[in-house]
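The values are calculated or read from the model by the stated rules, or taken from the named source; none is laboratory data. Only a predicted model underlies this, so the values are computations on that prediction, with no experimental measurement involved. Note that each Cβ is placed from the backbone with ideal geometry, even for glycine, and that neighbours are counted across all protein chains shown. Each accessible area value is taken on the protein alone, full model and side chains, heavy atoms only, with ligands, DNA and RNA left out. Shrake-Rupley method; radii C 1.70, N 1.55, O 1.52, S 1.80 Å.
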Amino acid sequence: MYTQAMDIPSGDRDEPSVKSDAQYEAEFEAKLARGDFIEPKDWMPERYRKTLIRQISQHAHSEIVGMLPEGGWITRAPTLERKCILLAKVQDEAGHGMYLYSAAETLGVSRDELIEALHSGKAKYSSIFNYPTKTWADIGVVGWLVDGAAIMNQIPLTRCSYGPYARAMIRVCKEESFHQRQGYDLLLTLMKGSEDQRAMVQDAVNRWWWPSLMMFGPHDSESTNSGDSMKWGIKRISNDELRQKFVDATVPQAQLLGVSLPDPDLKVDGATGHWTVGPIDWSEFWNVVNGKGECNEERLSDRVKAWEDGAWVREAALAHAQKKRHRDCVAA
Ligand code: FAQ
């Protein structure tokens with residue numbers, strides 16, 4: 001289900017048909033209105049296809065680049081158990097990237113094109129992965145806050161109108177849930193430790209809190225893609241609403257953990273019961289998105305190096321496939 005081959009969608013147009021573009025469009029709209037999934041071979045407006053390719057491929061890139069900040073800690077995990085957990089988590093992120101690249105390929109774009117866009121710096125990936133993981137506590141905080149924000153954003157995507165993306169998200173969300181819990185568990189353990197360990201957790205929370213809020217994207221009023229994406233059922237809940245849900249869920253978890261959140265304006269709104277946060281520094285966000293964050297260069301060059309170092313594996317797999325095809329032909 002998650003490994004659809006490259007298959008250019010053709011809709012009903014392969015069959016003799018007298019349908020006009022307006023009729024195709026009306027059928028597409030009717031499917032959306034009924035809450036049916038749009039599937040790879042269905043007719044879809046070009047802008048819907050482009051928006052999905054953009055979002056799904058950015059999401060895939062984020063999963064793959066997201067392996068880097070944590071991957072460097074696998075050899076430094078303090079216990080065998082923590083090492084196994086982190087190894088499993090980082091492998092999961094690779095799997096998520098693969099499901100997502102496969103989902104994007106069903107829209108008629110090749111994986112090579114997508115990888116090239118990432119490596120050349122044309123394609124975006126989540127701002128959050130351009131921050132450094134300085135201490136072991138950062139690994140806990142990434143699980144708690146970054147995976148926590150990722151789940152909040154991705155649960156509504158299980159109801160996205162595009163079938164392959166929505167289905168991929170079901171498994172991704174189950175795994176993200178384990179990621180979030182292992183991070184929180186790691187932090188609970190550190191908070192029961194020494195004064196230095198507690199200080200290390202607080203320092204990590206101070207550095208990751210605001211970037212985690214930025215993961216949800218710009219305010220709705222500045223979100224250029226939300227209008228179309230909400231209309232087409234790609235996004236079901238807006239950037240600001242998801243950010244609010246995340247804050248409401250996370251503040252009590254911070255209290256239970258015994259850490260403070262680095263926001264002097266954080267308070268409960270008596271009228272709504274929601275936690276309100278102070279102003280977000282959007283200049284920092286755009287700086288990072290535009291390639292000027294602390295780790296942007298390092299992340300991209302690590303990705304390019306991993307791709308180049310893995311060339312022999314791809315070549316060997318292709319050579320094996322060719323040999324097998326040849327053997328099968330001779331045997332037939
Ligand atoms: N970083 O109009 P909107 C994870 C861009 S997975 C960079 O609101 P949209 C798992 C946006 O692309 C994390 N750029 O955009 C994990 C657009 O520019 P464009 C990734 C951002 O698409 C955990 C412009 O700003 N998750 O963490 C960001 O409607 C731990 C205007 O924004 C997904 O990708 C950002 N944070 O809404 C892995 C989920 N935000 O493209 C390892 C799927 C916005 O027009 C370790 N994606 N921009 O040039 C989405 O839900 C949406 O794409 C949003 C943005 C909500 C991220």
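Some observations on this one:
- Cα convex hull of the stretch 70-200 - mean projected area over all directions, nm²: 8.7
- For the stretch 138-275: rounded, prolate or oblate by the Cα gyration tensor [a/c cutoff 1.5]: oblate
- Within the chain, helix-based [θ] at 222 nm, where runs of 4 or more DSSP H residues each add -39,500 (n - 2.57), nearest 500: -20000 deg cm²/dmol
- Cα centroid of the stretch 174-222 to Cα centroid of the stretch 24-54, whole Å: 37
- At 1.306 mPa s and 10 °C, Stokes D of the stretch 177-246 from Kirkwood alpha-carbon radius, µm² per second: 110
- Per residue, the accessible area of the chain comes to 50 Å², computed with a 1.4 Å probe over protein heavy atoms only.
- Distance from the C-alpha centroid of the stretch 129-147 to that of the stretch 262-296: 17 Å, rounded to the whole angstrom.
- Taking amide H as placed 1.01 Å from N in the peptide plane, the amide H of I38 sits under 5 Å from that of Y162, G163, each at least 5 places away or on another chain.
- Across the stretch 55-62, rounded Karplus estimates of 3J(HN,Hα) from the backbone phi angles (6.51 cos²θ - 1.76 cosθ + 1.60, θ = phi - 60°) give 5, 5, 6, 4, 5, 4, 4, 5 Hz, Gly and Pro being marked x.
- Computed packing ranks the peptides 294-307, 312-325 as 294-307, 312-325, most packed first, by mean other Cβ atoms within 10 Å.
- Legend: Rg and Dmax of the stretch 20-93, from Cα coordinates, 20.4, 64 Å.
- Mean Cβ count within 10 Å, highest first, over the residues of peptides 129-142, 238-251: 129-142, 238-251
- Normalised contact order of the chain, rounded percent, pairs of Cα under 8 Å and 6 or more residues apart: 18
- Nearest 10 degrees, 0 to 90: helix 311-331 Cα axis against the chain principal axis: 30
- At full extension, W286 and R111 could sit 60.3 nm farther apart than now, given 0.36 nm per residue minus the alpha carbon distance.
- For the stretch 167-218, the normalised intensity computed at q = 0.17, 0.20, 0.23, 0.24 Å⁻¹ comes to -0.70, -0.85, -0.94, -0.96 (log10 of I(q)/I(0), Debye sum over alpha carbons, equal scatterers, no solvent).
- Our compactness index for the chain, the C-alpha radius of gyration over the empirical 2.2 N^0.38 Å, is 1.09.
- Close amide H contacts of G108 (hydrogens built in the peptide plane, cut-off under 5 Å, sequence separation of 5 or more or a different chain): D7.
- Nonlocal amide H pairs with A123, under 5 Å, H built at 1.01 Å: L118
- Peptides 143-155, 225-237, 109-121, 175-187 ordered by packing proxy, namely the average of other Cβ atoms within 10 Å per residue, highest first: 143-155, 175-187, 225-237, 109-121.
- Shape category assigned to the stretch 279-332 from the gyration tensor of Cα positions, a/c cut at 1.5: prolate
- The 3J(HN,Hα) values that the Karplus relation (6.51, -1.76, 1.60; θ = phi - 60°) gives for the stretch 75-84 are, in residue order, 6, 10, 4, x, 9, 4, 4, 5, 5, 4 Hz. Gly and Pro appear as x.
- Residue by residue, the stretch 40-48 carries 3J(HN,Hα) couplings of x, 8, 6, 5, 8, x, 4, 5, 5 Hz when phi is fed to the Karplus relation 6.51 cos²θ - 1.76 cosθ + 1.60 (θ = phi - 60°); x denotes Gly or Pro.
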